[in-house]
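Asker: I'd like to ask you about the structure that follows.
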Amino acid sequence: MICKRATISHSGNALDYCEKGGELLHANGVHGNAKEINKQFKEVQDRKPNIKHKSVHAIISLNPKDRKLNKGELIDISEKYAKEHGFDRNQYAVYLHEDKAHRHLHIVANRIGLDLSLIHI
């Protein structure tokens, strides 16, 4: 696996991209389509207006040998990633993309927790 992540200021754009090219695989603390998820992120983010990069966009590129992983196993990978990077209790959405030669996961997470804590990436 190869992982990339960056803080972003516009989670709506990232969520739209993820939804257009993939399937919502798992969500934590949010539900609905990309627009609805972004609205739920924003309800929390608006409580911390001084933070510029309010979200995280992570991409987990899977090894081609991992094509046999089922959706439950992919969800486990995303949950472990969230826990290791400190946003397992924050709002996040996981999308599966199979539009390239390799499967990959996109995770868009709110950096601001429901308790208004901020995860540092």
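We did not get these values from a lab; they are worked out from the coordinates using the rules stated. Not measured: the values here are computed from a predicted model. Cβ atoms come from the backbone with ideal geometry, glycine included; neighbour counts cover every protein chain shown.
Asker: Step through the residues of the stretch 37-45 one at a time and calculate ³J(HN,Hα) from phi using the Karplus curve (6.51 cos²θ - 1.76 cosθ + 1.60, θ = phi - 60°), rounding each to whole Hz and writing x for Gly and Pro.
Answerer: Here the 3J(HN,Hα) series is 5, 4, 4, 5, 4, 4, 4, 7, 4 Hz.
Asker: May I ask you to compute the full-extension gain from Lys48 to Ser61, defined as 0.36 nm times their residue separation minus their alpha-carbon distance, rounded to one decimal in nm?
Answerer: Here the segment from Lys48 to Ser61 would lengthen by 1.5 nm.
Asker: Only helical DSSP H runs with n ≥ 4 go in: add -39500 (n - 2.57) per run for the chain, normalise by residue count and round the 222 nm mean residue ellipticity to 500 deg cm²/dmol.
Answerer: After summing the helix terms and dividing by the residues of the chain, the value is -9500 deg cm²/dmol.
Asker: Further question on the same structure: May I ask for the net charge around Gly113, where only other residues with Cβ less than 12 Å from the Cβ of Gly113 are counted and Lys, Arg are +1 while Asp, Glu are -1?
Answerer: Result for the neighbourhood of Gly113: +3.
Asker: Computed from these coordinates, which is mean projected area of the Cα convex hull in nm²: (i) 6.7; (ii) 7.3; (iii) 10.6?
Answerer: (i)
Asker: Setting aside same-chain residues fewer than 8 positions from Lys35, which lysines have a Cα under 21 Å from its Cα?
Answerer: Lys20, Lys48, Lys52, Lys54
Asker: Gap in Å between the Cα centre of the stretch 1-47 and the Cα centre of the stretch 55-82?
Answerer: 16
Asker: Related question: Sorted by mean Cβ packing within 10 Å, highest first, what order do the peptides 56-62, 81-87 take?
Answerer: For the peptides 56-62, 81-87, the packing ranking is 56-62, 81-87.
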